[in-house]
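Taking it in order: structure first as structure tokens, then the write-up.
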Amino acid sequence: MNLNEIREEIDRIDNAIKPLFLERMECARHVAKVKAASGGDVYVPEREQAVISLRSSDVRDEVRDEYAAFLRHLMSICRKYEYGLLEELQEQVVEEALAISGLSSTAEHDRVEISLCCGYEESDLNLFLNMAKLNKTGVLGMQLEIREGKQQITMLLDGNVNDENVKRLLCQMGKEAEGFRILGLH
């Protein structure tokens, strides 16, 4: 195959993936409705890890890690969509995080400083950065330290906690990141 033929094959595959992706997102919408009614958590890490392990077990070694990463990102995208449909949960998570830090959403600000941590070996930092991108929220600064085998991350986000995208991002991080805190509103 020459490069043009390979590109045509990639286009064919991408076109085949699109309806399946849209179907997957429709399932995510239904999951959000069920979770809203039941109060269940959107993010269930044990379930996701079991699904990833099962689905990648028959993938050849050479691309198994890439396939597992694809699934992790797909699941993160679906959760982003689900959190976007759960406005009451967004309000609750953000207000609780603000209250813990003694902050108020009515304070004038256009930047939000947060902290979170994740294990060094199984770092989800790329997913958290991707969450910001998916939620159209810029990361203006970031500091990373390794303490006791964990990545301690501080981020300065461009936005206001009352903005729809920032609120959805903070909700997702608040529900999924270990030690999530809002440190300041600037």
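The values are calculated or read from the model by the stated rules, or taken from the named source; none is laboratory data. Just so we're clear, the structure is a prediction, and the values are computed from it rather than from any experiment. When we count neighbours, we look across all protein chains shown, and the Cβ atoms used for this are built from the backbone with ideal geometry, even at glycine. Surface areas here come from the heavy atoms of the whole protein model, side chains and all, with no ligands, DNA or RNA. Shrake-Rupley method; radii C 1.70, N 1.55, O 1.52, S 1.80 Å.
I want to confirm something. Restricting to segment 1-57 and keeping residues that are within 21 Å of residue 80 (Cβ to Cβ) and among the hydroxyl-bearing types (Ser, Thr, Tyr), which single residue is most open to solvent (accessible area, probe 1.4 Å)?
Ranking the candidates gives 38 first.
Filter segment 137-162 for residues that are under 21 Å from residue 72 (Cβ atoms) and free of Cβ contacts under 8 Å to residues at least 40 places away in the same chain; which is surrounded by the fewest Cβ atoms within 10 Å (Cβ to Cβ)?
The qualifying residue surrounded by the fewest Cβ atoms within 10 Å (Cβ to Cβ) is 149.
Tell me which residues, restricted to segment 166-180, are surrounded by fewer than 17 Cβ atoms within 10 Å (Cβ to Cβ) and either on the phi < 0 side of the Ramachandran plot or more than 17 Å from the chain's Cα centre (by Cα) (or both).
178
Out of curiosity, is residue 98 surrounded by 18 or more Cβ atoms within 10 Å (Cβ to Cβ) and either polar (S, T, N, Q) or modelled with pLDDT of 95 or more (or both)?
yes
Return the residues of segment 58-72 that are under 16 Å from residue 130 (Cβ atoms) and open to solvent by 50 Å² or more (accessible area, probe 1.4 Å); say none if nothing qualifies.
The first filter runs over segment 58-72 and keeps only residues under 16 Å from residue 130 (Cβ atoms), leaving 66, 68-72.
Result: 66, 70, 72.
Name the helices (runs of 4 or more DSSP H) wholly within segment 3-103 that hold at least 3 residues that are touching a residue at least 60 places away in the same chain (Cβ under 8 Å)?
Helices (runs of 4 or more DSSP H) meeting the threshold: 61-85, 87-100.
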